[in-house]
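To keep things clear, I will list the structure first and then write my remarks on it.
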Amino acid sequence: MAEIIVVTSGKGGVGKTTTSASVACGLARRGKRVAVIDFDIGLRNLDLIMGCERRVVYDFVNVIQGDCTLKQALIKDKRIETLFVLAASQTRDKDALSLEGVRKVFDELIADGFDYIICDSPAGIEKGAHLAMYYADRAVVVVNPEVSSVRDSDRILGLLASKTQRAEKGEEKIKEHLLLTRYSPRRVTTGEMMSVADVKEILGLDVIGVIPESPDVLSASNAGTPVILNEQSDVSKAYEDAVARLLGDTLPLRFLDEPKKGFLARMFGG
Amino acid sequence: MNKPLEAVREPAVEIRFGQVGLAQVRIRTTDAGVILDELTGRVASAPQFFERTAVCLDLSALEKEPTASDMRAVFDAVRRAGMLAVGLAHGTQAVDTLARSLDVPVLTQFRVQGKASPVQPVKEAPKAAPPPIEPPVLHPPSLMQHQPVRSGQRVYARNSDLVVTSTVGAGAEVIADGCVHIYGTLRGRAVAGARGEVTARVFCQEFHAELISIAGVFRVFETLPPELVGKPVQAWLDGDDLRFARIGG
């Protein structure tokens, strides 16, 4: 049975799309069949991060409105066999989506044998975000270690607990996971940034991953390569760990401390 | 296509609590004619102020308890004078009974008024600080909330205490007609005695509150008092003042 995972946050710019792309890649590289769907209708981004923007012919809205089949709209990733992208429409607005339409697409993906459906939620708590989370079995709440992001995540967690199908039908609760992004151990030490423990304490959830702040994320986005595929990067290792934890592994958190400066760097004040 | 979704998302009603100023009309007679004459004169003196204004009738100055039919005539007179009587001011048990038979609300004064009226009849016990509108017994057991109350969520315990075994996030609201007990961290707002119960209290295990309110008296914490922050704290109403203290020293 396929598992539907929503990547959400409330606040914009915290790394939802980066996370969706990397988690989807990480799962697919482990042999899972994965579809990653951009729910940000009108502000299409996932295709850029995945590097398939020039291959988008049909999108999510076209499928829902019956302009094309799901197969026509799914873009097969060039790097990983089992990974597919369903792009958002850039020209429509969020009213083009409906709960029934989304359900139909999910049912078709499930019938097609997908293991994971990753829903990249738009920012905010409006219709787009609601649709992205409504059918989810799990939620990855992406949070930056700062107060406004933490508060927005708290709000999103409240909605996950009340405005989703599982909540409305009184079924088993959605599994919620926290993923901290743009974590800078140095700034935590200086008190500019909240620590993992602070965020965990306020939101009362377990942390599935801590992604260090790194320029690698931006260069990966520019290159259209999900950052998890840049294996030299700590960001990639941190996302790999998060994917492993999603699949049930227990691993200690990494990259929580400032990297030790090497001898030369210390000599030259690098 | 979108209709069912909207139906799920948008509740038909939204209940909000707020305080409004309300004129009180204290009557010294139940003679509808006299009241009509006098009120008509008052309304005419400041029509833009009194015309269709909602008023609450205060019966505490009457020498004997009026009957329901007396009161119907008084309501009618007030309406004909141009005001709209919406209820009776809180008073004795007899006022409650009267309000019930007239099918109008009893409006509680949120704060105990310092000075009693000069013609306070004996029947109104001076110490009877406004009891709840409902019968004093809290019928339903406390409302239990085991999930965290997240930012933007609101939990209301009607006619009872509220017990939260988890945390109340910043921007969340927990409200009870009775006391509010939080066995976790309070970062949001806690409102006890939402309908005027002045003996209601707020208790929490870890105090980081944004706002505490009891029976309409509230305090906003722009900065948290260092002696209370993160500690187990209770809040109660002492006359018109909200007081706070650590629990267990």
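The values are calculated or read from the model by the stated rules, or taken from the named source; none is laboratory data. Just so it is clear, the structure is predicted and the values come from calculations on it, not from any experiment. Cβ coordinates were reconstructed from backbone atoms using ideal geometry, including for glycine residues, and neighbour counts include every protein chain displayed. Keep in mind that these areas ignore ligands, DNA and RNA; they rest on the heavy atoms of the full protein, side chains included. Shrake-Rupley method; radii C 1.70, N 1.55, O 1.52, S 1.80 Å.
Brief remarks on what is shown
- Hits in the range B:176-201 (condition: assigned to a loop (DSSP other than H, G, I, E, B), closer than 14 Å to residue B:216 by Cβ and open to solvent by less than 30 Å² (accessible area, probe 1.4 Å)): B:177, B:193, B:194, B:196, B:198, B:200
- Test: residue in the range A:124-141 that is within 17 Å of the chain's Cα centre (by Cα) and within 17 Å of residue A:85 (Cα to Cα): yes
- Residue match in the range A:69-83 (condition: touching a strand residue (DSSP E or B) at 6+ places or on another chain (Cβ under 7 Å) and under 22 Å from residue A:235 (Cα atoms)): yes
- Among the residues of the range A:117-136, not a single one is open to solvent by 20 Å² or more (accessible area, probe 1.4 Å) and over 26 Å from residue A:42 (Cβ atoms).
- Considering (1) crowded, with 18+ Cβ neighbours inside 10 Å; (2) under 18 Å from residue A:3 (Cβ atoms); (3) β-branched (Val, Ile, Thr), the lone condition that residue A:110 does not fulfil carries the number (1).
- For the range B:113-128, the condition holds for no residue, the condition being that it is among the small types (Gly, Ala, Ser), modelled with pLDDT of 85 or more and open to solvent by less than 50 Å² (accessible area, probe 1.4 Å).
- Single condition residue B:204 does not satisfy, out of (1) modelled with pLDDT of 95 or more; (2) under 15 Å from the mean Cα position of the chain (by Cα); (3) part of a strand (DSSP E or B): (2)
The rows are residues; the columns are (1) within 14 Å of the chain's Cα centre (by Cα); (2) open to solvent by 20 Å² or more (accessible area, probe 1.4 Å).
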{"site": "A:4", "(1), (2)": "yes, no"}
{"site": "A:12", "(1), (2)": "yes, yes"}
{"site": "A:16", "(1), (2)": "yes, no"}
{"site": "A:20", "(1), (2)": "yes, no"}
{"site": "A:27", "(1), (2)": "yes, no"}
{"site": "A:31", "(1), (2)": "no, yes"}
{"site": "A:40", "(1), (2)": "yes, yes"}
{"site": "A:52", "(1), (2)": "no, no"}
{"site": "A:55", "(1), (2)": "no, yes"}
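- Those residues of the range A:196-240 which are under 24 Å from residue A:47 (Cβ atoms), of a type in the set (D, E, K, R) and not in a helix (DSSP H, G or I), in sequence order: A:231
- If you go through the range A:158-189 and keep only what is outside any helix (DSSP H, G or I), crowded, with 18+ Cβ neighbours inside 10 Å and within 10 Å of chain B (Cβ to nearest Cβ), you end up with just A:161.
- Check on residue A:21, small (Gly, Ala, Ser), in a strand (DSSP E or B) and at negative phi: no
- Of the residues making up the range B:149-170, those that are surrounded by 20 or more Cβ atoms within 10 Å (Cβ to Cβ), within 14 Å of chain A (Cβ to nearest Cβ) and within 22 Å of residue B:216 (Cβ to Cβ) are B:149, B:164, B:168.
- Scanning the range A:199-233 for residues that are open to solvent by 70 Å² or more (accessible area, probe 1.4 Å) and of a type in the set (Asp, Glu) returns A:201, A:206, A:213, A:231.
- Tally of residues being within 10 Å of chain B (Cβ to nearest Cβ) and either modelled with pLDDT of 95 or more or in contact with a Gly (Cβ under 8 Å, 6 or more places away or on another chain) (or both) across the range A:103-141: 4
- When restricted to residues that are among the aliphatic types (A, V, I, L, M) and in contact with a Cys (Cβ under 9 Å, 6 or more places away or on another chain), the range A:59-101 contains 5.
- Scanning the range B:218-236 for residues that are modelled with pLDDT of 95 or more, under 14 Å from residue B:190 (Cα atoms) and among the hydrophobic types (A, V, I, L, M, F, W, C) yields B:233, B:235, B:236.
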